[in-house]
Amino acid sequence: MTIPRIARGDTITLHYALRLPDDRLVDSSFEAEPLTFVLGDGSFEPRLEEALIGLALGEHTRLLLTPEYAFGTPDPEMIHELARREVPDHLALKLNDVVEFNLPNGDAIAGTLRAINEETLVVDFNHPLAGINIQFIVHILAINGQKAAA
């Protein structure tokens with residue numbers, strides 16, 4: 001019997017963890033419910049989805065991803081200077097805090113504070129993990145409803 005491998009459009013269930021190069025944990029589902037999604041439906045980071053293609057049912061692996069295969073390289077166009085008045089007064093701002101900003105269309109976008117002064121803030125709207133090598137640990141639990149042996 002052939003072991004199924006992940007392809008675009010498959011419904012997959014997995015546990016995952018993201019770790020920094022120094023092994024600090026960024027995010028993980030291993031202590032919670034596994035994640036189920038359709039590969040390519042936009043519910044998971046697209047570059048991480050690409051890394052899953054070809055992995056086998058039941059596979060438990062650690063993928064080392066450079067920025068271009070993880071959260072991208074920082075784009076200088078995504079760093080903006082904003083008027084301090086655009087941020088609610090009740091927020092106690094500190095360098096490297098991630099703050100959510102509301103867009104005119106009602107969506108929200110998160111930005112990392114890179115500089116703070118009396119009149120302005122410098123906000124980096126790149127993904128906080130852009131430019132960083134990532135350890136992507138995955139355990140493939142199911143592909144299209146077919147479950148891995150326990």
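Rule-based calculations on the coordinates, nothing more; no lab input. Every value quoted in this text rests on a predicted model; they were computed, and no experiment measured them. Cβ: placed from backbone, ideal geometry, glycine included. Neighbour counts: every protein chain shown.
Got at least one residue in segment 56-78 being of a type in the set (V, I, T) and under 30 Å from T2 (Cα atoms)? Yes, there is a match, as at least one residue in segment 56-78 is of a type in the set (V, I, T) and under 30 Å from T2 (Cα atoms).
Look at G40 and say whether it is part of a loop (DSSP other than H, G, I, E, B) and surrounded by 10 or more Cβ atoms within 10 Å (Cβ to Cβ).
yes
For residues in segment 118-150 being at positive phi and not polar (S, T, N, Q), which is surrounded by the fewest Cβ atoms within 10 Å (Cβ to Cβ)? Can you show your working first?
Quick first cut of segment 118-150, residues at positive phi only: 131, 144-145.
Keeping just the survivors that are not polar (S, T, N, Q) gives 131, 145.
On the way: G131: 16, G145: 8.
Looking at the filtered set, the residue picked out is G145.
Of the residues P74, P128, which single one is more than 27 Å from F30 (Cα to Cα) and either touching a Phe, Trp or Tyr at 6+ places or on another chain (Cβ under 7 Å) or in a loop (DSSP other than H, G, I, E, B) (or both)? The match here is P74.
For segment 97-117, which positions are part of a strand (DSSP E or B), among the charged types (D, E, K, R) and surrounded by 12 or more Cβ atoms within 10 Å (Cβ to Cβ)?
To start, the set of residues in segment 97-117 that are part of a strand (DSSP E or B) comprises 98-102, 108-116.
Next, only the ones that are among the charged types (D, E, K, R) stay: 100, 114.
Passing the criteria: only R114.
In the condition set (1) in a strand (DSSP E or B); (2) out of contact with any helix residue (DSSP H, G or I) (no Cβ under 8 Å at 6 or more places or on another chain); (3) hydrophobic (A, V, I, L, M, F, W, C), A32 is compliant with all but (1).
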